[in-house]
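What follows is one structure encoded as structure tokens, with my remarks underneath.
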Amino acid sequence: MSRELEIEFKNMLNKEEFIALCRKFGRDDASFFRQVNDYFDTPTFGLKSKKSALRIRHVNDQHDFTLKQPHDGVVLETHQMLSEDENKALIQYGVMPSGEVEQAIAHLGIDVDQLLHIGELVTKRTEFPYQKGKLFLDGSSYLDHHDYELEYEAEKPLTGEQIFQSLLLESAIPRRPSKNKILRLYEAIKERGTSKQ
């Protein structure tokens, strides 16, 4: 289990910009890995209302259970590794594993017994060091959607913002605010529900 503050800058990309950045940084198909995010919330979207997100990220048979919540202008992440049994029990039956994540959710005033699996988002990601931080290029698929995103994790907010803006400028990429992956999934779920009515 661990807690960390995440200083990150994100920008949505179109497919051409994504391909151009992959070329710029020499990232080929072999440099990408697949990660699956399973997201959870209450039936009334209690976590969303608190601008928080709960997910299990699956990479190489590891299951990283993470609560993200706003904290003084950055994101506070609480992590907990799950066993295969805990992972299955939570996704299939809504059985919350005990630990620091459960405590943090309860501290938000959310009933952990109300949590349910709301959807899955699959990302092909490449990551590499860049300007004293880390750069990520993501291609994500969820429901009938596919999108592309650039993310930069920085050491400090001010210098991180400057580095990120410079990269966008030199790559001729317009600033496009990027919603969190779970918010994009929420919108896709809502869109699907509306189209069925």
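The values are calculated or read from the model by the stated rules, or taken from the named source; none is laboratory data. These numbers were taken from a predicted model, which means no experiment stands behind them. Note: ideal-geometry Cβ built from the backbone for every residue, glycine included; neighbour counts use all protein chains shown. For accessibility, only protein heavy atoms count, side chains too; no ligands or nucleic acids. Shrake-Rupley method; radii C 1.70, N 1.55, O 1.52, S 1.80 Å.
Quick look at the numbers
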| read-out | value |
| --- | --- |
| Helices (runs of 4 or more DSSP H) lying entirely in the range 90-197 (those with 3 or more residues that are open to solvent by 80 Å² or more (accessible area, probe 1.4 Å)) | 157-170, 181-196 |
| Any hit, the range 36-43, residues being modelled with pLDDT under 95 and open to solvent by 30 Å² or more (accessible area, probe 1.4 Å) | yes |
| The range 20-47: number of residues that are touching a residue at least 24 places away in the same chain (Cβ under 8 Å) and closer than 21 Å to Asp138 by Cβ | 16 |
| Single unsatisfied condition, Val36 versus (1) in a strand (DSSP E or B); (2) of a type in the set (A, V, I, L, M); (3) farther than 27 Å from Leu135 by Cβ | (3) |
| Filtered residue count, the range 56-78, keeping only those that are in contact with a helix residue (DSSP H, G or I) (Cβ under 9 Å, 6 or more places away or on another chain), assigned to a strand (DSSP E or B), closer than 20 Å to Glu127 by Cα and open to solvent by 20 Å² or more (accessible area, probe 1.4 Å) | 1 |
| Candidates Asp138, Asp147, Asp113, filtered to the one that is farther than 13 Å from Leu54 by Cα and at pLDDT below 95 | Asp113 |
| Contacts under 6 angstrom Cβ, first residue in the range 107-123 being over 17 Å from Ala188 (Cα atoms), partner open to solvent by 80 Å² or more (accessible area, probe 1.4 Å), 6 or more apart | Leu108/Lys50 |
| Lone qualifier among Glu4, Glu8, Glu17 - being open to solvent by less than 30 Å² (accessible area, probe 1.4 Å), of a type in the set (Asp, Glu) and touching a residue at least 60 places away in the same chain (Cβ under 8 Å) | Glu17 |
| Lys134 vs. criteria among the basic types (Lys, Arg) and in contact with a strand residue (DSSP E or B) (Cβ under 7 Å, 6 or more places away or on another chain) | yes |
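So that you can scan it fast, the table gives a plain yes or no per residue for (1) touching an Asp or Glu at 6+ places or on another chain (Cβ under 9 Å); (2) among the polar types (S, T, N, Q):
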{"position": "Pro129", "(1), (2)": "no, no"}
{"position": "Ser141", "(1), (2)": "yes, yes"}
{"position": "His146", "(1), (2)": "no, no"}
{"position": "Glu149", "(1), (2)": "yes, no"}
{"position": "Ala154", "(1), (2)": "yes, no"}
{"position": "Arg176", "(1), (2)": "no, no"}
{"position": "Lys179", "(1), (2)": "yes, no"}
{"position": "Leu185", "(1), (2)": "yes, no"}
